[in-house]
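*Asks:* Please find one structure pasted underneath; my questions will follow.
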Amino acid sequence: KITNVNKKSTFVVGAMGRLVKKKGFDFLIKACVEIKNLELLIAGDGDEFANLKKISDKYNNIKLLGWVNNKNKFFNSIDVFCSSSIMEPFGLVIIEAMSRGIPVISTKCNGPLDIIENNKNGLLIEIENKLELKDAIIKLKNNDSIRKKMGLNAINTYKKMFTFNKYKKNVNSILRQL
(Lines give C-alpha, C1' and ligand atoms only; values in the text may rest on other atoms or scores of the structure.)
Protein backbone atom coordinates (compact mmCIF):
# COMPACT_ATOMS: atom_id res chain seq x y z
CA LYS A 1 0.00 0.00 0.00
CA ILE A 2 1.42 3.35 -1.04
CA THR A 3 0.53 5.79 1.73
CA ASN A 4 2.40 8.81 0.47
CA VAL A 5 0.04 10.26 -2.14
CA ASN A 6 -1.76 12.89 -0.18
CA LYS A 7 -4.76 14.90 -1.35
CA LYS A 8 -4.67 17.45 1.43
CA SER A 9 -3.23 20.92 0.88
CA THR A 10 -0.42 20.60 3.42
CA PHE A 11 2.52 18.37 2.57
CA VAL A 12 3.76 16.40 5.58
CA VAL A 13 7.40 15.49 6.19
CA GLY A 14 8.07 13.00 8.95
CA ALA A 15 11.18 12.20 10.95
CA MET A 16 11.65 9.74 13.77
CA GLY A 17 14.47 8.77 16.08
CA ARG A 18 16.36 9.48 19.24
CA LEU A 19 16.46 13.23 19.73
CA VAL A 20 20.23 13.59 19.97
CA LYS A 21 22.57 16.05 18.26
CA LYS A 22 23.99 13.56 15.73
CA LYS A 23 20.54 12.98 14.25
CA GLY A 24 20.47 16.53 12.80
CA PHE A 25 16.86 17.36 13.70
CA ASP A 26 17.79 21.02 14.23
CA PHE A 27 19.07 21.14 10.65
CA LEU A 28 15.84 19.53 9.40
CA ILE A 29 13.70 22.07 11.26
CA LYS A 30 15.71 24.98 9.81
CA ALA A 31 15.20 23.64 6.27
CA CYS A 32 11.47 22.96 6.69
CA VAL A 33 10.52 26.36 8.08
CA GLU A 34 11.53 27.86 4.74
CA ILE A 35 9.03 25.78 2.72
CA LYS A 36 5.42 26.92 2.32
CA ASN A 37 2.45 24.60 2.89
CA LEU A 38 4.56 22.05 4.73
CA GLU A 39 4.20 20.42 8.10
CA LEU A 40 7.07 18.66 9.86
CA LEU A 41 6.30 15.91 12.37
CA ILE A 42 9.21 14.73 14.52
CA ALA A 43 8.63 11.61 16.61
CA GLY A 44 11.02 10.61 19.35
CA ASP A 45 12.50 11.57 22.66
CA GLY A 46 15.97 12.32 23.97
CA ASP A 47 18.48 14.84 25.25
CA GLU A 48 17.76 17.36 22.48
CA PHE A 49 13.99 17.56 23.05
CA ALA A 50 14.11 20.85 24.99
CA ASN A 51 16.51 22.44 22.49
CA LEU A 52 14.41 21.36 19.50
CA LYS A 53 11.27 22.57 21.26
CA LYS A 54 12.90 25.97 21.74
CA ILE A 55 13.88 26.14 18.04
CA SER A 56 10.48 24.98 16.77
CA ASP A 57 8.07 26.69 19.20
CA LYS A 58 7.72 29.83 17.10
CA TYR A 59 6.58 27.82 14.05
CA ASN A 60 3.05 26.43 13.80
CA ASN A 61 4.04 23.94 11.10
CA ILE A 62 6.66 22.11 13.21
CA LYS A 63 5.39 19.53 15.70
CA LEU A 64 7.47 17.56 18.18
CA LEU A 65 5.35 14.51 18.98
CA GLY A 66 7.53 12.94 21.64
CA TRP A 67 7.65 9.16 21.87
CA VAL A 68 5.14 7.57 19.46
CA ASN A 69 3.60 4.23 20.42
CA ASN A 70 1.62 3.79 17.21
CA LYS A 71 4.17 3.89 14.38
CA ASN A 72 1.55 2.96 11.79
CA LYS A 73 -0.48 6.05 12.62
CA PHE A 74 2.66 8.20 12.33
CA PHE A 75 3.76 6.72 9.00
CA ASN A 76 0.22 6.88 7.58
CA SER A 77 0.14 10.63 8.27
CA ILE A 78 3.29 11.57 6.33
CA ASP A 79 4.09 12.04 2.64
CA VAL A 80 7.88 11.76 2.88
CA PHE A 81 10.28 10.50 5.52
CA CYS A 82 13.46 12.42 6.21
CA SER A 83 16.63 11.24 7.92
CA SER A 84 18.84 14.26 8.55
CA SER A 85 21.57 12.45 10.49
CA ILE A 86 25.14 13.64 10.72
CA MET A 87 26.11 10.04 11.48
CA GLU A 88 23.95 6.97 10.86
CA PRO A 89 25.41 3.45 11.00
CA PHE A 90 22.30 1.73 9.57
CA GLY A 91 18.90 3.41 9.61
CA LEU A 92 16.21 0.98 10.73
CA VAL A 93 13.58 3.73 10.63
CA ILE A 94 14.45 4.29 6.95
CA ILE A 95 13.62 0.62 6.30
CA GLU A 96 10.37 1.03 8.24
CA ALA A 97 9.34 3.96 6.02
CA MET A 98 10.36 2.18 2.82
CA SER A 99 8.41 -0.95 3.79
CA ARG A 100 5.29 1.25 3.76
CA GLY A 101 6.01 2.80 0.36
CA ILE A 102 7.09 6.16 1.75
CA PRO A 103 9.87 7.88 -0.20
CA VAL A 104 12.89 8.75 1.93
CA ILE A 105 15.24 11.70 1.85
CA SER A 106 18.44 11.02 3.73
CA THR A 107 21.88 12.41 4.26
CA LYS A 108 24.78 10.46 2.77
CA CYS A 109 25.75 8.54 5.90
CA ASN A 110 27.15 5.00 5.85
CA GLY A 111 23.89 3.20 6.60
CA PRO A 112 21.59 5.09 4.23
CA LEU A 113 24.19 4.79 1.44
CA ASP A 114 23.76 1.00 1.71
CA ILE A 115 19.96 1.24 1.59
CA ILE A 116 19.02 4.10 -0.74
CA GLU A 117 19.74 4.28 -4.45
CA ASN A 118 19.60 8.00 -5.22
CA ASN A 119 16.66 9.07 -7.39
CA LYS A 120 15.32 5.51 -7.48
CA ASN A 121 13.96 4.52 -4.06
CA GLY A 122 14.80 7.79 -2.29
CA LEU A 123 16.96 10.89 -2.41
CA LEU A 124 20.42 11.31 -0.91
CA ILE A 125 21.80 14.70 0.10
CA GLU A 126 25.07 15.91 1.55
CA ILE A 127 25.27 16.03 5.35
CA GLU A 128 24.07 19.37 6.80
CA ASN A 129 23.40 20.86 3.34
CA LYS A 130 20.23 22.84 4.00
CA LEU A 131 19.79 23.94 0.37
CA GLU A 132 20.01 20.34 -0.91
CA LEU A 133 17.56 19.17 1.75
CA LYS A 134 15.14 21.96 0.95
CA ASP A 135 15.39 21.25 -2.80
CA ALA A 136 14.83 17.51 -2.24
CA ILE A 137 11.72 18.14 -0.15
CA ILE A 138 10.35 20.59 -2.71
CA LYS A 139 11.09 18.13 -5.55
CA LEU A 140 8.99 15.43 -3.87
CA LYS A 141 6.36 17.88 -2.64
CA ASN A 142 5.72 19.15 -6.15
CA ASN A 143 5.72 15.84 -8.01
CA ASP A 144 3.20 13.11 -7.13
CA SER A 145 4.45 10.79 -9.87
CA ILE A 146 8.05 10.84 -8.60
CA ARG A 147 6.77 10.16 -5.06
CA LYS A 148 4.65 7.23 -6.27
CA LYS A 149 7.52 5.76 -8.28
CA MET A 150 10.00 6.13 -5.40
CA GLY A 151 7.45 4.64 -3.01
CA LEU A 152 6.99 1.56 -5.20
CA ASN A 153 10.76 1.21 -5.61
CA ALA A 154 11.15 1.56 -1.84
CA ILE A 155 8.75 -1.33 -1.25
CA ASN A 156 10.59 -3.44 -3.82
CA THR A 157 13.93 -2.68 -2.14
CA TYR A 158 12.46 -3.67 1.21
CA LYS A 159 11.09 -6.95 -0.17
CA LYS A 160 14.32 -7.76 -2.00
CA MET A 161 16.75 -6.95 0.82
CA PHE A 162 15.19 -6.45 4.24
CA THR A 163 12.40 -8.91 4.98
CA PHE A 164 12.76 -11.45 7.77
CA ASN A 165 13.02 -14.32 5.26
CA LYS A 166 15.81 -12.50 3.41
CA TYR A 167 17.75 -12.04 6.66
CA LYS A 168 17.19 -15.69 7.59
CA LYS A 169 18.50 -16.78 4.19
CA ASN A 170 21.59 -14.57 4.57
CA VAL A 171 22.32 -15.82 8.09
CA ASN A 172 21.93 -19.44 6.97
CA SER A 173 24.30 -18.80 4.09
CA ILE A 174 26.91 -17.39 6.47
CA LEU A 175 26.48 -20.28 8.89
CA ARG A 176 26.99 -22.84 6.10
CA GLN A 177 30.32 -21.20 5.28
CA LEU A 178 31.62 -21.66 8.84
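*Asks:* Between the helical axis of 144-161 and the dominant principal axis of the chain, each derived from Cα atoms, what acute angle in degrees is found, rounded to the nearest 10?
*Replies:* 30 degrees
*Asks:* Let me ask you something else. What do you get for Rg/Rh of the range 78-160 when both radii come from the Cα atoms and Rh is the Kirkwood radius? Don't skip to the answer; put the middle values down first.
*Replies:* Working: Rg = 11.3 Å, Rh = 12.2 Å.
Across the range 78-160, the Cα-based Rg/Rh ratio is 0.93.
*Asks:* Over all directions, average the projected area of the Cα convex hull of the chain and note it in nm².
*Replies:* The orientation-averaged projected area of the Cα hull of the chain comes to 10.5 nm².
*Asks:* Using a 1.4 Å probe on the protein chains only, how many percent of the accessible area of the chain belongs to carbon and sulfur?
*Replies:* With neighbouring chains kept in place, the figure for the chain is 52 percent.
*Asks:* For the peptides 102-110, 134-142, what is the packing order when you average, over each peptide's residues, the other Cβ atoms within 10 Å and list the highest mean first?
*Replies:* In descending order of packing, they fall as 102-110, 134-142.
*Asks:* Send over the per residue convex hull volume for the range 21-60, Cα only, as a whole number of Å³.
*Replies:* Taking the convex hull of the Cα positions in the range 21-60, it is 66 Å³ per residue.
*Asks:* Give the accessible surface of the range 55-159 per residue, rounded to a whole number of Å², with probe radius 1.4 Å and ligands, DNA and RNA excluded.
*Replies:* Here the residues of the range 55-159 average 49 Å² of exposed surface.
*Asks:* How high is the FRET efficiency from residue 60 to residue 177, r the C-beta distance, R0 41 Å, rounded to 0.05?
*Replies:* In this case the efficiency is close to 0.15.
The values are calculated or read from the model by the stated rules, or taken from the named source; none is laboratory data. Treat the numbers as computed from the prediction; the structure is a model and nothing was measured. Note that we place each Cβ from the backbone using ideal geometry, even for glycine, and neighbour counts take in every protein chain shown. Heavy atoms of the whole protein, side chains included, go into the accessibility calculation; ligands, DNA and RNA do not. Shrake-Rupley method; radii C 1.70, N 1.55, O 1.52, S 1.80 Å.
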